[in-house]
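*Asks:* Right, I'll just put the structure down here and ask away after.
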Amino acid sequence: MAASYNQYRGWGDVVLFAASTAARIGEVSGCRVGDIDTSQWIWTVQRQTTPAPGGLIDKGTKGKRARKVPIIEEIRPLVAQRVLSAGPAPDARLFTGPRGGRISTAVLRDATHWDEVVTQLGHEHLRHHDLRHTGLTWLADAGVPLHVLRRIAGHGSLTTTQRYLHPDTHKITAAGSALSAHLSVLRAPRTLPATTVLTR
């Protein structure tokens, strides 16, 4: 991100990771090396960084329970590099500011000149939380079932998750074709396998 403070690459990594995992910025800040399973490429979201009297603190996730989020192939090199840079300690933070501090939405907004950049791009109403919305919408458009999407998002109810479903006409017609194909299999006549004649 050329517009970010001192062109610190870590800010761009945070933005890419947040959008690709549909996570809150506080959860990205709370991510530790030990939370990343690089054998299955799954992130166990266990905590978030939030403002508190006296500064930023880490506490449990918004839903008060851990959840598992897939790390897609496109960001695995980024994550692998962050894991190597953070060091072997499982409690090492995956993402920090340029001086090693915790990240908050306000810090990220100021460091990346977010408001100016999105205004120049014609998206002046785009907020950091919209990165999460983008990630969840991508997952929904990719056909991830609603109950799975709910688990990834960490939502308490399906009603909240349903807000991210915006099927286009192609998806709706594809759904109809899929159902027709399924029903045609059910209607197909069932035949017995051909009998084999044994000769001596």
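*Asks:* Give me the extension gain from ASP58 to ARG163: residue separation times 0.36 nm, minus the current Cα-Cα distance, reported in nm with one decimal.
*Replies:* Gain on extension, ASP58 to ARG163, equals 35.0 nm.
*Asks:* Hey, got a sec? Which GluC sites (Glu not before Pro) in the stretch 59-133 land in a DSSP loop and have at most 16 other Cβ atoms within 10 Å?
*Replies:* GLU124
*Asks:* Can you give me the long-range amide H partners of ARG32? Hydrogens built in the peptide plane at 1.01 Å from N, cutoff under 5 Å, separation of 5 or more residues or another chain.
*Replies:* Under 5 Å from the amide H of ARG32 lie the amide H atoms of LEU94, each far enough along the sequence or on another chain.
*Asks:* On to the next question. What does the charge count around SER29 come to, taking other residues whose C-beta lies under 11 Å from its C-beta (Lys +1, Arg +1, Asp -1, Glu -1)?
*Replies:* Every neighbour counted, the sum reads +3.
*Asks:* Where in the stretch 1-108 are there trypsin sites (Lys or Arg not before Pro) that are in a DSSP coil and have at most 10 other Cβ atoms within 10 angstrom of their Cβ?
*Replies:* Within the stretch 1-108, the qualifying trypsin sites (Lys or Arg not before Pro) (loop, at most 10 other Cβ atoms within 10 Å) are LYS64, ARG99.
*Asks:* While we're looking at this one, here's another question. Using only the alpha carbon atoms of the stretch 32-136, find the Kirkwood hydrodynamic radius as the inverse mean reciprocal pair distance, in angstroms to one decimal.
*Replies:* 15.5
*Asks:* If I ignore ligands, DNA and RNA and count only protein heavy atoms, how much of LEU84 is accessible to a 1.4 Å probe, in Å² to the nearest 10?
*Replies:* Approximately 130 Å² of LEU84 is accessible to the 1.4 Å probe.
The values are calculated or read from the model by the stated rules, or taken from the named source; none is laboratory data. Please read all numbers here as calculations on a predicted model, not as lab measurements. Don't worry about glycine lacking a Cβ; one is built from the backbone with ideal geometry, like all the others, and counts go over all protein chains shown. Heads up: the accessible areas ignore ligands, DNA and RNA and are worked out on the full protein's heavy atoms, side chains in. Shrake-Rupley method; radii C 1.70, N 1.55, O 1.52, S 1.80 Å.
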